[in-house]
Amino acid sequence: MYAFLEGELSYKSPSLLYLSVNGVGYEVNITLQTYGRVQDLERCRLYTHVQVREDAWVLYGFADETERTTFRQLLSINGVGAATARIILSSLTPEELERAIAHEDARTLERVKGIGAKTAQRIILELKGKLH
């Protein structure tokens, strides 16, 4: 729906920001990785993902295309929703996640809050060779 949004940052927290684009304020859920890259900026471009649910439309923003692509790949896994994918990408960079999956390092994934042994194994099984 939206490839990216670019504008002024009017509010920033480690998990949420408000992006003002031509007079429209967008509430955007972000990861800690993205927050680290935008926290000192007044303007930025965020690559976006819109999740349409029965009760809400939720906008997610990422500092780069790689993080957004990784988020979408995580969403494709049964049992991994947007909240879990965001927590994973707040704890691990896309590169760290790719490395953990390539080396079948379930322990690294299990250190992420909310990820148990079964989910870690499912992530490894379904994403091995797919992240780059």
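Toward the positive end of the charge dipole of the chain, with +1 on the Cβ of Lys and Arg and -1 on the Cβ of Asp and Glu, the farthest Cα among Ala83, Leu131, Ile115 is that of Ile115.
Each principal axis of the chain carries a Cα extent, and these read 46, 34, 23 Å when sorted largest first. Quick one: pull the percent of accessible area on the chain belonging to carbon and sulfur, 1.4 Å probe, ligands and nucleic acids left out. About 47 percent, which is the carbon plus sulfur part of the accessible surface. In the chain, the longest principal axis of the Cα atoms and the axis of helix 82-91 are about 80 degrees apart. Highest GNM mean-square fluctuation among Leu41, Leu109, Leu19, for the chain modelled with Cα contacts below 10 Å: Leu41. Averaged per residue, the chain has 57 square angstrom of accessible surface, using a 1.4 angstrom probe with ligands and nucleic acids left out.
For GluC sites (Glu not before Pro), the sites in region 1-106 that DSSP calls loop and that have at most 15 other Cβ atoms within 10 Å are Glu42, Glu54, Glu104. Which residue, Leu97, Leu59, Leu32, tops the fluctuation ranking in a GNM of the chain built on C-alpha contacts under 10 Å? Looking only at Leu97, Leu59, Leu32, the biggest GNM fluctuation is shown by Leu59. Of the trypsin sites (Lys or Arg not before Pro) found in region 88-119, the ones in coil according to DSSP and having at most 14 other Cβ atoms within 10 Å of their Cβ are Arg111, Lys113. Remark: the Gln51-Glu27 segment gains 7.3 nm on full extension, using 0.36 nm per residue and subtracting the alpha carbon distance.
The angle between the Cα long axis of helix 117-127 and the main principal axis of the chain comes to about 80°, on a 0 to 90 degree scale. Fully extending the segment from Lys113 to Leu125 would add 2.4 nm, taking 0.36 nm per residue of separation and subtracting the current Cα-Cα distance. With both labels modelled 7 Å from their Cα along Cα-to-Cβ, the Glu8 to Asp105 distance reads 4.2 nm.
The values are calculated or read from the model by the stated rules, or taken from the named source; none is laboratory data. Because the structure is predicted, anything quoted here is derived from the model rather than measured. Every residue, glycine among them, receives a Cβ derived from its backbone with ideal geometry; neighbour counts consider all protein chains shown. For accessibility, only protein heavy atoms count, side chains too; no ligands or nucleic acids. Shrake-Rupley method; radii C 1.70, N 1.55, O 1.52, S 1.80 Å.
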